[in-house]
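Report on the following structure.
The values are calculated or read from the model by the stated rules, or taken from the named source; none is laboratory data. The structure presented is a predicted model; accordingly, all values stated were derived computationally and were not measured. FYI the Cβ positions are ideal-geometry reconstructions off the backbone, even for glycines, and counts take in every protein chain you see. Each accessible area value is taken on the protein alone, full model and side chains, heavy atoms only, with ligands, DNA and RNA left out. Shrake-Rupley method; radii C 1.70, N 1.55, O 1.52, S 1.80 Å.
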Amino acid sequence: MNSLPSLGSLFAVLLLAASCANAPTDWSQETEITKWPDGKNGAISITYDDGIINQFTIAKPIMDSLGLPATFFIITGKVEGSGKGKFIGRDSKTIIAETATIKTDSTNFFERASLIAFTGTTEAEEYHANVGSLFEAGKVAEAYQLLDEGYQKVRNASMKNTNDVVFHNNPVDTTTWEQYKSYENQGHEISSHTVTHPKLAVLDEANMRYELEQSKVDLAKFMGDKATFSAEGPYGTENERVMEYAYKIYPALRNRMPEDWLEEINRGSKTQPGNTSKEYVQWQRGALSSTGIDQMKAWTDTVNAHDNIWLVLVIHGVEDYGWEPLKREELKQYFGDVKENEDAVWVATFGDVTKYLRERKATKINAELEGNEIRISLNSDLDASVYDIPLTLKTYLPDGWKGANLIQKEGNRLLEVMADAGGNYVQYSVSPSESSYKLVKEY
């Protein structure tokens, strides 16, 4: 015959149950950082190359009217007050004289390719660019031959000014550092596109370093450290040697990103972004004069149709000025379409998207449920003074919670309760520099 438990043993059981109920409970699996801020479907970064005047007088005002930010990759050497383009190395006359008797080969190629653009004419600059294109296409022998041809013209004084507009060295583009700083204060990103817009892949080490480092020095001097985060090597180069140097100077390159969780599709590729198994895909598209507004809108639709696409739009010319210019009306229509999709797509600068993704991947969450509180802490090795984009956290509520208040340094606020297949949850943004938060049960 079973006997009833004594009052003493029953009290002990109840005491144990009460203590377990108040004991900290691991809640990490119930809190996550959303893939995109505010739980959006994807991201769009609108970027401009070359610092062309019409980008600021025509395109930027349209974006400003809609509250859309942009990233401008500017050529610092054409901004008054900054370091100008120059050749670093041996005496140029000595090098030119040597080309008369010594053919170009692997021992002298980078030095000669670095110098030729500074021999005095726009045709010489074209030789530098064309030699670089051949080299990056793997046509090394042809690059050597073209360089020899160019130096023969230099020696014979038959190299000419072509009268072509060279957008990386044009007096029409007169934007000042003061104006650039005001644009940054308005929410735009100003970043490096080197000093003179060279073919970095064919520069020797000293000249490549100057193009990358001097540009950063001037951005830091006139804009502050925020402007030294992102860069774009001219012509969209993905040359391995260039990337090795550039990533020692700039944390983020539009040319290529090193993360193994990010698939990259450059703007010349026909690969579709929905065919990747990686967590994120950076999908670059070059908007050209012939692209058309319907195609541009289709890119936004593709972002909306998935949950992992970061569309990086690349624009050069605007209206009647610059390479492959887009018309004012096209920009109005396209930016208007982007704005209409802003509820589902995060529109942010190239640097801000890069920071958010890296913050999310580098941050570890520890969350504990204790009584009527969920205590959350974030831990990351990233420099919070650089990686400062607020993270969006999503916390599923325990059973019996009808709501939650977020308690943080800047104040308290009642959070909206939402629901999905996983249950009821709250979603909120937190600063990565403030590592601890609390959610308190709302009755």
Residue, least open to solvent (accessible area, probe 1.4 Å), within the stretch 172-192, restricted to residues that are of a type in the set (Ser, Thr, Tyr), in a helix (DSSP H, G or I) and touching a helix residue (DSSP H, G or I) at 6+ places or on another chain (Cβ under 9 Å): TYR180
What's the total number of residues in the stretch 245-256 that are within 30 Å of GLN333 (Cα to Cα) and open to solvent by 30 Å² or more (accessible area, probe 1.4 Å)? 1
Scanning the stretch 88-110 residue by residue, the ones that are open to solvent by less than 40 Å² (accessible area, probe 1.4 Å) and either under 34 Å from the mean Cα position of the chain (by Cα) or not β-branched (Val, Ile, Thr) (or both) total 2
Candidate set from the stretch 147-167 (those that are of a type in the set (A, V, I, L, M, F, W, C) and at pLDDT 95 or above); member that is least open to solvent (accessible area, probe 1.4 Å): LEU147
Scan the stretch 210-227 and report the pairs whose first residue is without any contact (Cβ under 8 Å) to a residue 40 or more places away in the chain and whose second residue is of a type in the set (Gly, Ala, Ser) and assigned to a helix (DSSP H, G or I), with Cβ atoms within less than 8 Å and a gap of 6+ or a chain change. LEU212/ALA246; ALA220/ALA227
Which of the residues spanning the stretch 57-73 are in a loop (DSSP other than H, G, I, E, B) and surrounded by fewer than 24 Cβ atoms within 10 Å (Cβ to Cβ)? GLY67, LEU68, PRO69
Got at least one residue in the stretch 45-56 being of a type in the set (Val, Ile, Thr) and either in a helix (DSSP H, G or I) or open to solvent by 50 Å² or more (accessible area, probe 1.4 Å) (or both)? yes
Residue pairs qualifying under the 8 Å Cβ cut-off, at least six apart or on distinct chains, with the first in the stretch 68-91 being under 30 Å from LYS332 (Cβ atoms) and of a type outside the set (Phe, Trp, Tyr) and the second being open to solvent by 60 Å² or more (accessible area, probe 1.4 Å) and part of a loop (DSSP other than H, G, I, E, B), are LYS78/ASN169
Checked the stretch 222-242 for anything more than 15 Å from the chain's Cα centre (by Cα) and among the hydrophobic types (A, V, I, L, M, F, W, C); matches are PHE222, MET223, VAL242
Mind checking whether some residue in the stretch 376-384 is among the small types (Gly, Ala, Ser), in contact with a Lys or Arg (Cβ under 9 Å, 6 or more places away or on another chain), open to solvent by 20 Å² or more (accessible area, probe 1.4 Å) and part of a loop (DSSP other than H, G, I, E, B)? yes
Within the set of pairs 6 or more residues apart or between chains, which connect a residue that is touching a residue at least 40 places away in the same chain (Cβ under 8 Å) inside the stretch 266-285 to a residue that is of a type in the set (Phe, Trp, Tyr) and open to solvent by 40 Å² or more (accessible area, probe 1.4 Å) with Cβ atoms less than 8 Å apart? GLU279/TRP261; TYR280/TRP261
Determine if the stretch 124-146 includes at least one residue that is surrounded by 20 or more Cβ atoms within 10 Å (Cβ to Cβ), part of a loop (DSSP other than H, G, I, E, B) and among the hydroxyl-bearing types (Ser, Thr, Tyr). no
